[in-house]
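*Asks:* Let me give you the structure first, and then I'll get to my questions.
Just so it is clear, none of the values below were taken in a lab; they were calculated from the coordinates. Worth saying up front: this structure is predicted, and the values here are computed from it rather than measured. Virtual Cβ from ideal backbone geometry, glycine too; neighbours counted across all protein chains shown.
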Amino acid sequence: MRPVANPPNPWASSHVEWLGEAPRDGVQIFEEDAKSILSENDSPDLPFRWSLNPYRGCFHGCAYCYARPTHQYLGYGAGTDWERRLVVKRNASELLRAQLSRPGWNGELIAFSGVTDCYQPIEASYRLTRRCLEVCREFRQPVGIITKGALVERDVDVLADLARHGAASVFVSVPFADAADSRAIEPFVALPERRFAAMQALAAAGVPVGVSVSPLIPGLNDHQVPEILERARAAGARHAFHTLLRLPAEVEHVFAERLQAAFPLRADKVLSLLRSMHDGNLKDARFHHRMRGEGPRWDVVARLFLTVAKRLGLSPPEHPGPTPFRRPFQQGSLFGGG
């Protein structure tokens, strides 16, 4: 899979082009000491207020990733830079411990992650997500994870401990049942079969598991919805949800290029169907509209998902119950120090 182009950063003062074919970028990893680790969400379309992102950028390289433009705030691009210039927040767990220790923190759910995948490959060596989860375990801090990374299976022990207190759930994102389709659009993610295996391991350990069939891409993966839901249910999933493909800012360019390269005979149809769901446009940025569609084709897809999910007993994500959060006992607090 060749890398996608790197669209010009609209916030940069200059842009240069290669004279001839550009060299393929290798992975560059930058470490930083972040000033904060929790991001507050004010979007009514998302079911959580707080998210934790231990990394910036994502090696998975999904062509449709809505978070790509966030890399531009660092002076990078939304294309190959997003996939190959990765930033590591090496003090993530220390910042999280400090946040959870504050008197004003009341144990609201924290989502891992909002604008990166907390289980992308570099997590195998940096272990920032695991260290943050270990902090959460000490505090019984509720967490909700959404990931495409099969590496989540590694942390089944910590997640199972949290789940025993009702403080953990995991949604595995599986937009494609077909491995070849998956590799074409999300080139460096574990194949669907491996993600279902991770889901099964989590469910077997008592961790509540769900599947996210997101994004739904009309004319590309919507016909695979029944198979994805059936395989997820067989792997132990209890819940399921979906969102429509979103193409904010430069993501439109990245996705269209990858789509044309991978599926040249279907690309125009896919984009045409997407426009039919957004009143002739490729996107609708309005709250309450940007993650779903409208029109006859969308109604068919949404009804298919709902019918199959209901037959399989897969319910929508549950709202968090009362928080089990509590601060760990500290002996020094009884004796005024140490």
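*Asks:* As an exercise: evaluate Lys269 against (1) among the basic types (Lys, Arg); (2) surrounded by fewer than 17 Cβ atoms within 10 Å (Cβ to Cβ); (3) not in a helix (DSSP H, G or I) and give the number of the one condition it does not meet.
*Replies:* Answer for Lys269: the failing condition is (3).
*Asks:* Do we have any residue at all in region 172-183 that's within 16 Å of Asp155 (Cα to Cα) and either among the small types (Gly, Ala, Ser) or surrounded by fewer than 21 Cβ atoms within 10 Å (Cβ to Cβ) (or both)?
*Replies:* Looking for residues that are within 16 Å of Asp155 (Cα to Cα) and either among the small types (Gly, Ala, Ser) or surrounded by fewer than 21 Cβ atoms within 10 Å (Cβ to Cβ) (or both), one finds none in region 172-183, hence no.
*Asks:* Additional query: Sort out which residues of region 33-76 are assigned to a loop (DSSP other than H, G, I, E, B), farther than 21 Å from Leu245 by Cβ and over 15 Å from the mean Cα position of the chain (by Cα), and write them in order of number.
*Replies:* Answer for region 33-76, where residues must be assigned to a loop (DSSP other than H, G, I, E, B), farther than 21 Å from Leu245 by Cβ and over 15 Å from the mean Cα position of the chain (by Cα): Asp33, Ala34, Lys35, Ser36, Ile37, Asp42, Arg49, Gly75, Tyr76.
*Asks:* Do we have Ser101 as in contact (Cβ under 8 Å) with a residue 60 or more places away in the chain, under 24 Å from Pro317 (Cα atoms) and not aromatic (Phe, Trp, Tyr) here?
*Replies:* No.
*Asks:* Please verify whether Ala232 is on the phi < 0 side of the Ramachandran plot, touching a Leu at 6+ places or on another chain (Cβ under 6 Å) and surrounded by 20 or more Cβ atoms within 10 Å (Cβ to Cβ), treating the condition exactly as stated.
*Replies:* no
*Asks:* Working only within region 99-117, note down all residues that are within 14 Å of Ala167 (Cα to Cα) and part of a loop (DSSP other than H, G, I, E, B).
*Replies:* If the condition is that a residue be within 14 Å of Ala167 (Cα to Cα) and part of a loop (DSSP other than H, G, I, E, B), then Asn106, Gly107, Glu108, Leu109 are the ones that fit.
*Asks:* Looking at region 118-136 only, could you name the residues that are aromatic (Phe, Trp, Tyr) and assigned to a loop (DSSP other than H, G, I, E, B)?
*Replies:* Tyr119
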